[in-house]
Amino acid sequence: MSADTSSAIGPVEGSVYDVDNPAPYIEAPRKRTGKTPRSTRGNFEMAAWLFMRLSGIVLVVLVIGHLLIQLVLDGGVSKIGFAFVAGRWASPFWQVWDLLMLWLAMLHGANGLRTVINDYAERANTRLWLKGLLYTATVFTILLGTLVIFTFDPNIR
Amino acid sequence: MATPVMDKAEAVAKSQASPYITVTFRIRRFNPEVSDAAVWEDFQIEIDPKERVLDGLHKIKWDVDGTLTFRRSCAHGICGSDAMRINGKNRLACKTLIKDINPEKPITVEAIKGLTVLKDLVVDMEPFFQAYRDVMPFLVTKGNEPTRERLQSAEDRERFDDTTKCILCAACTSSCPVFWNDGQYFGPAAIVNAHRFIFDSRDEAGEQRLEILNDKDGVWRCRTTFNCTDACPRGIEVTKAIQEVKRALITRRF
């Protein structure tokens with residue numbers, strides 16, 4: 001068969017398949033037994049999906065309000081300084097606003113990146129490392145930001 | 001404007017001219033007995049542009065190169081055997097006319113993505129059908145069998161009418177970028193067929209199917225890229241069906 005077949009499909013690169021070296025096989029989807037299958041991770045994926053929608057709606061208000069106050073209203077960006085930040089964080093309202101924005105934006109972004117990693121990283125090891133890096137960075141940023149908001153000292157020199 | 005006589009003469013000349021044009025088919029060939037590398041091969045054939053891509057493949061297989069391998073059964077858009085990637089888009093070769101896909105340029109034909117290619121345009125459909133079986137695509141009821149038909153109102157039937165049209169060709173699932181990644185996602189076709197029973201008023205296992213699709217590889221992996229809706233040769237609103245399953249998962253429980 002070799003001469004005719006190989007000329008019909010043009011020049012051949014790569015190794016030849018045989019019984020010991022079969023063509024790559026795509027793993028079949030999860031195998032299921034039993035009548036009432038329990039999902040492996042509970043409802044985490046649904047919670048994550050819902051969180052993205054709800055936090056997105058809240059973030060639109062928080063972020064646009066934040067941008068307006070910081071960059072547009074009352075003199076724009078030139079008014080921002082240590083005194084301005086100290087003045088805002090003196091009020092619990094703005095503390096809560098910024099805290100909420102920090103947590104929601106970080107978790108929203110981290111969850112988005114988690115799905116991107118799930119969708120694009122093909123090897124289990126790559127996923128593990130990328131997600132580890134992502135979670136570490138997220139936790140660090142959230143904790144540091146929270147610490148700053150609560151322990152901010154306007155009299156610092 | 002020309003005279004009527006000349007128009008007639010032109011028309012006669014046109015009708016006598018050959019309807020055939022030369023079309024280049026650029027086909028992704030793969031033969032595991034020869035090589036693990038797939039190669040593009042060009043075939044130039046004479047074909048009427050009103051014929052279908054499947055007719056072109058037949059012409060090549062029957063007259064040019066008998067080793068070309070592809071699936072087709074009914075050849076009329078019902079059996080769903082000949083879904084393939086034609087000019088970069090998943091379509092049924094038997095429902096795609098040559099004239100509709102610009103025959104001036106080479107027509108690329110390759111196997112659908114995300115499933116193991118066995119030879120040329122034939123893929124291993126087993127992961128696809130496994131996902132289909134996993135959603136229990138059959139009527140489940142409790143109690144005694146009725147002595148008459150299970151009656152259903154026209155409105156109740158209309159609720160899932162769109163998803164009854166699926167022919168399991170895998171054009172949607174193999175166009176889904178989430179399915180391309182690791183093939184563990186249930187895929188649009190399985191969800192469409194679950195939708196067909198979840199929203200059937202006669203069926204009583206909707207809750208069970210919803211729980212299956214609540215899996216981490218279930219509906220929540222859908223990114224609503226609409227590739228499936230674009231690919232469906234039956235015009236099923238696939239993404240909408242997936243979203244309805246998501247909504248049912250949330251609203252039926254809370």
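The values are calculated or read from the model by the stated rules, or taken from the named source; none is laboratory data. Values in this document were obtained by computation on a predicted structure and should not be read as measured data. Methodologically, a virtual Cβ is constructed for each residue, glycine included, from the backbone with ideal geometry; neighbour enumeration extends over all protein chains shown. When the accessible area is computed, the model is the full protein with side chains, heavy atoms only, and any ligands, DNA or RNA have been set aside. Shrake-Rupley method; radii C 1.70, N 1.55, O 1.52, S 1.80 Å.
The number of residues in the range B:121-137 that are buried (at least 23 other Cβ atoms within 10 Å of the Cβ) and part of a loop (DSSP other than H, G, I, E, B) comes to 2. Within the range B:210-231, restricting attention to residues that are of a type outside the set (Phe, Trp, Tyr) and more than 10 Å from chain A (Cβ to nearest Cβ), the residue that is nearest to B:Lys95 (Cα to Cα) is B:Ala231.
Whether a residue is part of a helix (DSSP H, G or I), in contact with a Pro (Cβ under 7 Å, 6 or more places away or on another chain) and touching a residue at least 12 places away in the same chain (Cβ under 8 Å) was assessed, and B:Ile212 passes this test. Scanning the range B:124-138 turns up at least one residue that is within 19 Å of B:Arg28 (Cα to Cα) and either over 13 Å from the mean Cα position of the chain (by Cα) or of a type outside the set (Val, Ile, Thr) (or both). Of the listed requirements (1) open to solvent by 50 Å² or more (accessible area, probe 1.4 Å); (2) part of a helix (DSSP H, G or I); (3) away from every other protein chain (no Cβ under 13 Å), B:Val192 misses just one: (1).
Can you tell me which residue in the range B:232-254 is nearest to the other protein chains (Cβ to nearest Cβ), limited to those that are of a type in the set (Val, Ile, Thr) and more than 30 Å from B:Leu97 (Cβ to Cβ)? Among them, the one singled out is B:Ile250.
Among the criteria (1) under 19 Å from the mean Cα position of the chain (by Cα); (2) not in a loop (DSSP other than H, G, I, E, B), the one B:Lys113 does not fulfil is (2). Only one of the numbered conditions (1) surrounded by 21 or more Cβ atoms within 10 Å (Cβ to Cβ); (2) within 14 Å of chain A (Cβ to nearest Cβ); (3) in contact with a strand residue (DSSP E or B) (Cβ under 7 Å, 6 or more places away or on another chain) is violated by B:Thr116, and that is (1). The selection criterion, being in a loop (DSSP other than H, G, I, E, B) and either away from every other protein chain (no Cβ under 11 Å) or surrounded by fewer than 17 Cβ atoms within 10 Å (Cβ to Cβ) (or both), holds for B:Gly77. If you go through the range B:20-74 and pick out every residue that is open to solvent by less than 60 Å² (accessible area, probe 1.4 Å), away from chain A (no Cβ under 11 Å) and over 23 Å from B:Asn102 (Cβ atoms), you end up with 2. For the range B:160-175, the set of residues classified as open to solvent by 20 Å² or more (accessible area, probe 1.4 Å) and either within 14 Å of another protein chain (Cβ to nearest Cβ) or β-branched (Val, Ile, Thr) (or both) consists of B:Thr164, B:Ile167, listed by residue number. Considering B:Gly143, B:Gly235, the condition of being loosely packed, with under 14 Cβ neighbours inside 10 Å and in contact (Cβ under 8 Å) with a residue 60 or more places away in the chain is satisfied by B:Gly235 alone.
How many residues are part of a loop (DSSP other than H, G, I, E, B) and open to solvent by 30 Å² or more (accessible area, probe 1.4 Å) when one looks only at the range B:200-209? Here the count works out to 3.
Residue check: is B:Leu92 hydrophobic (A, V, I, L, M, F, W, C) and surrounded by fewer than 16 Cβ atoms within 10 Å (Cβ to Cβ)? Criteria not met by B:Leu92. A:Ser2 meets each of the listed conditions (1) open to solvent by 60 Å² or more (accessible area, probe 1.4 Å); (2) among the small types (Gly, Ala, Ser); (3) modelled with pLDDT of 85 or more apart from (3). Taking the conditions (1) over 9 Å from the mean Cα position of the chain (by Cα); (2) in contact (Cβ under 8 Å) with a residue 40 or more places away in the chain in turn, A:His108 satisfies each one other than (1).
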